[in-house]
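The structure appears below as structure tokens.
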Amino acid sequence: MRLLGIETSCDETAAAVVEDGRRILSNVVHTQIPTHALYGGVVPELASRMHVERILPVVQKALADSGCTPEALDGVAVTFAPGLIGPLLVGVNFAKGVCMANRLPLVPVHHLRGHIAANYLTHAPLKPPFLCLVVSGGNTQLVEVLDYTRFRVVGQTQDDAAGEAFDKAGRVLDLPYPAGAKLDALAKTGNPHAFTLPTPHMPGLDFSFSGLKTAVVNRVHNAKQSGQPFCPQDIAAVFCRQVTDILCEKTKQALQQTGHTQLAVAGGVSANSFLRAGLETLAKETGCQLYLPALDLCGDNAAMIAAQGCFELAAGNIAPQTLNALAYLPLDDQGCQFGE
Ligand code: KG4
């Protein structure tokens, strides 16, 4: 089964062709980051306009790179939720056009289900059921992947996502948007135990990152205002360590409560070197099998959307031409499922 995948939920215009949910035939990503970095974050209207400009050449290149014509496809998978509504609509409407012109099924894919599927592209042996820690720019969740298209959210952030906290902590250290990867690099030369920031105490498997984010921002602002020297490397390292500790502790509790013996990670923050090392240690401690997505598949891309699309199509999830984009939708919501 070969699917074209289309992803436009935020600031990347992406298209890819994937076979059987496991093999990438092409993967094209056009990032808008240099434009949004000028404003310190994503400007939704600019994002929508740039998606409109780039979607056709990006899809054409994905098809050309894969050596597939539209006739050789079995369907078109598109991110329809969640994300910025204008950008999402560009991808959804483009996908509808390709489907209508080529009589192909339109396969609706939830963006976070796509992030989870990046693991199937990296690890051939990985099959559900497993526990997945989803850590992206807009979401932080612990998810039971019961089957390829059945999910149960067991914990989630009650305020900021981990990625958002990384971006804000980086901004106060004058790192350009998106600051997560730059903060990670800076942290490598700092002392992760230089001091301790207040740690949130959240009940159950839920997370909170806004207090930690505010603590970093206040620490830097206070130092700047009082003219005291501070070490950005140490601040970055302490922040990375504490976010990692929180994520690993909740993941450990979730493994114990659910009984899963396989653990996967998904989303942009899964590229973080502290988190990857922390989860390796956790896996050794608990004896679970750990699956980390390839670094080039951690961020937004369309290969992960096409991969999940293969499983959604196999399960009969085909959307009508009236498919709408949704800014918000939980990944285990009934609204992810179309058809009978
Ligand atoms: O998954 P993603 O590409 O976008 C969403 O679907 O939301 O995640 C982007 C987020 C940004 O907040 C970015 O700063 C963060 O992932 N990120 C990182 C790293 N690389 C990307 N955060 C921490 N360490 C990294 N190495």
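The values are calculated or read from the model by the stated rules, or taken from the named source; none is laboratory data. Predicted model, so just to flag it, every value in this text is computed and none were measured. Reconstructed Cβ throughout: ideal geometry from the backbone, glycine too, with neighbour counts over all protein chains shown.
Can you name the residue in region 274-332 that is touching a residue at least 24 places away in the same chain (Cβ under 8 Å) and of a type in the set (S, T, N, Q) and is also farthest from Ile55 (Cα to Cα) among such residues? Filtering region 274-332 for residues that are touching a residue at least 24 places away in the same chain (Cβ under 8 Å) and of a type in the set (S, T, N, Q), the one farthest from Ile55 (Cα to Cα) comes out as Thr286. Criterion applied to Leu56, Leu46 was being away from the ligand (no atom under 16 Å from the Cβ), surrounded by 15 or more Cβ atoms within 10 Å (Cβ to Cβ) and at pLDDT 95 or above, and the one residue passing it is Leu46. When region 261-300 is filtered for residues that are out of contact with any helix residue (DSSP H, G or I) (no Cβ under 7 Å at 6 or more places or on another chain) and β-branched (Val, Ile, Thr), the ones remaining, listed by number, are Thr261, Thr281.
Restricting Thr69, Thr79, Thr122, Thr35 to those that are of a type in the set (Val, Ile, Thr), surrounded by fewer than 24 Cβ atoms within 10 Å (Cβ to Cβ) and under 16 Å from Ile305 (Cα atoms) reduces the list to Thr122. The residues on offer are Gly97, Gly41, Gly86, and the sole one that is away from the ligand (no atom under 15 Å from the Cβ), under 20 Å from the mean Cα position of the chain (by Cα) and either free of Cβ contacts under 8 Å to residues at least 60 places away in the same chain or assigned to a loop (DSSP other than H, G, I, E, B) (or both) is Gly86. Within the option set Val109, Val29, Val92, being within 16 Å of the ligand (Cβ to nearest atom), crowded, with 22+ Cβ neighbours inside 10 Å and of a type in the set (Val, Ile, Thr) holds for one residue only, Val109.
Here Leu175, Leu197, Leu186 are screened, and the one residue that is more than 16 Å from the ligand (Cβ to nearest atom) and surrounded by 16 or more Cβ atoms within 10 Å (Cβ to Cβ) is Leu197.
Cβ-Cβ contacts under 8 Å between residues 6 or more apart (or on different chains), taken from a first residue in region 251-269 that is over 11 Å from Cys132 (Cα atoms) to a second residue that is among the charged types (D, E, K, R) and part of a loop (DSSP other than H, G, I, E, B), are listed as Gly268/Asp300. Filtered by the rule that a residue be near the ligand (Cβ under 8 Å from one of its atoms) and either in a strand (DSSP E or B) or within 17 Å of the chain's Cα centre (by Cα) (or both), region 140-172 gives Ala161, Ala162, Gly163, Glu164, Phe166, Asp167. Of the residues Ala306, Ala294, Ala277, Ala302, the single one that is within 13 Å of the ligand (Cβ to nearest atom) and within 24 Å of Cys10 (Cα to Cα) is Ala302. Residue check, Pro293 against (1) part of a loop (DSSP other than H, G, I, E, B); (2) over 14 Å from Gly114 (Cα atoms); (3) out of contact with any Lys or Arg (no Cβ under 9 Å at 6 or more places or on another chain), all met but one. Which one? So the condition that Pro293 fails would be (2). If the condition is being more than 22 Å from the chain's Cα centre (by Cα), under 15 Å from Leu205 (Cβ atoms) and not in a loop (DSSP other than H, G, I, E, B), then region 254-287 contributes Gln256, Gln257, Thr258.
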